[in-house]
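Here the structure is laid out as structure tokens; the discussion comes afterwards.
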Amino acid sequence: MKIINIKDSAEAIAVFKKIGVDPYGIDAMTPKTINLNILIEKQPCKIANIIKQEMLSLGGDAAVARGSVACSIDSSRILIIGTIKQITAMAKKIEKQPFGLNKLAQDILEIITNSGQREYNWKTSRRNIKMGGKTQVMGILNVTPDSFSDGGLFYNQQKAIDHGLQMVDEGADIIDVGGESTRPGAKSISLRDELKRVISVVESLVKQIKIPISIDTTKAGVAVQAIAAGAEIVNDISSLHGDKKMAKTVRDANAALILMHMRGTPPHMQKGDLVYNNLMSEIIAYLKKSKDRALAAGIAKESIAIDPGIGFGKTPEDNFRIIRNLAELTELGLPIVIGTSRKSFIGKVLGGEPHQRIEGTAASMTAAIMNGCHIIRVHDVVYMKKVAAITDKILHS
């Protein structure tokens, strides 16, 4: 006798098949094996009460604030507790009721659908990249004099190209080329300077490698020329907020897009009030708005990935919490990118200079992959490729 921990439908189906359950039984029972806790932000008490009553009638429950039942308070957060089967049934019951419950029901059903998705085909302008089996390793190529970890090492154009080729030899699946430092306190550079740094590097790499190249920029002018030179992915830390032309640029090129959460901008993001009322809820809400903005601009959902923005307007403790709770981002139904490589929150625990944080990076990347990450953005490809391979093996054995 033993306890079985079932994380998703694939694991449930595997267990049922080992038992010998017939296909009809597998379809019927799989939604009963997976429990979800869905937190809904403040809603009027009448809505909280309806949801609680419906969940209780289905064998689940909903936690609401004291005073909600008597409506002695104006609103309540709601924690829905139940199996996928129960919560789906509740959503379908309330979708025909008034008070805005139809929209709430649609949002709940979308979360359920997205939370069960682990595999994606991420579309760039040149290929589909399969996500969900093997973690993709994105090598960081900083063509800058002042990046926090390797600023100046590859500022020379030929050194940058050689390092990109080296990362390919080490097993990188994607090369991410950036010409503007986004470390805390970094100042923005001109379009001309950024173009001068990155375009020749992209052009040269495209001629010599077969893996996709990403351009790390917030400027549409840089993205346009990088894409013309052969880049397939735009990694925009501003999530389309930095340049109003970026969305059209990505759409017109059919490029893939990475949207990242950031509060503030690099020169100021680590200053002032870094307190979040609800860290993961605020990150998810920001990324959802960015996703909706991209979709409204005509960018295909299949081309979008998301990044919670480790170190961008967060405290060290925030960064650890994001990694621990990374699976919550699955509700957006998009591949997840994460970049913890050599960052200062690791140094807060282990000490040492950025290049001495390989072990800490490895631990953070392992946890991120276990919690649903699809792409890890790293400096030390040769090491992190091995970390990803073992973590993938654990996940899929």
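The values are calculated or read from the model by the stated rules, or taken from the named source; none is laboratory data. The structure displayed is predicted, hence computed values, not measured ones. Here Cβ is always computed from backbone atoms with ideal geometry, including for glycine, and neighbour counts include all displayed protein chains.
Worth pointing out:
- Among the conditions (1) surrounded by 15 or more Cβ atoms within 10 Å (Cβ to Cβ); (2) at pLDDT below 90; (3) of a type outside the set (A, V, I, L, M, F, W, C); (4) assigned to a loop (DSSP other than H, G, I, E, B), the only one that Lys2 does not satisfy is (1).
- Within segment 166-193, if we keep just the residues that are of a type in the set (Asp, Glu) and under 21 Å from Arg377 (Cα atoms), the residue that is surrounded by the fewest Cβ atoms within 10 Å (Cβ to Cβ) turns out to be Asp169.
- The number of residues in segment 42-93 that are over 24 Å from Ala12 (Cα atoms), of a type in the set (Gly, Ala, Ser) and free of Cβ contacts under 8 Å to residues at least 24 places away in the same chain comes to 8.
- Exactly one residue out of Ile73, Ile108, Ile87, Ile81 is of a type in the set (A, V, I, L, M) and in contact with a Lys or Arg (Cβ under 9 Å, 6 or more places away or on another chain): that is Ile73.
- Test result for Arg197, surrounded by fewer than 24 Cβ atoms within 10 Å (Cβ to Cβ), basic (Lys, Arg), assigned by TED's automatic domain parsing to the domain that holds Gly309 and in a loop (DSSP other than H, G, I, E, B): no
- All of Lys393, Lys385 fail the test of being out of contact with any His (no Cβ under 8 Å at 6 or more places or on another chain), exposed (fewer than 15 other Cβ atoms within 10 Å of the Cβ), at pLDDT 95 or above and farther than 20 Å from Arg321 by Cα, apart from Lys393.
- Every condition in (1) more than 22 Å from Ala285 (Cβ to Cβ); (2) more than 30 Å from the chain's Cα centre (by Cα) is met by Lys85 except one, and the failing one is (2).
- Positions within segment 30-67 being within 17 Å of Leu101 (Cα to Cα) and in a loop (DSSP other than H, G, I, E, B), in sequence order: Val64
- For segment 242-264, a residue qualifies if it is buried (at least 18 other Cβ atoms within 10 Å of the Cβ) and without any contact (Cβ under 8 Å) to a residue 40 or more places away in the chain, and the qualifying residues are Asp243, Met246, Thr249.
- Residue selected from segment 96-125 under the condition touching a Pro at 6+ places or on another chain (Cβ under 7 Å) and not hydrophobic (A, V, I, L, M, F, W, C), by the criterion surrounded by the most Cβ atoms within 10 Å (Cβ to Cβ): Thr124
- Residue within segment 26-34 that is β-branched (Val, Ile, Thr) and either without any contact (Cβ under 8 Å) to a residue 24 or more places away in the chain or more than 30 Å from Glu282 (Cα to Cα) (or both) present: yes
- Segment 1-37, residues that are of a type in the set (S, T, N, Q) and in contact with a helix residue (DSSP H, G or I) (Cβ under 9 Å, 6 or more places away or on another chain): Asn5, Ser9, Thr30, Thr33, Asn35
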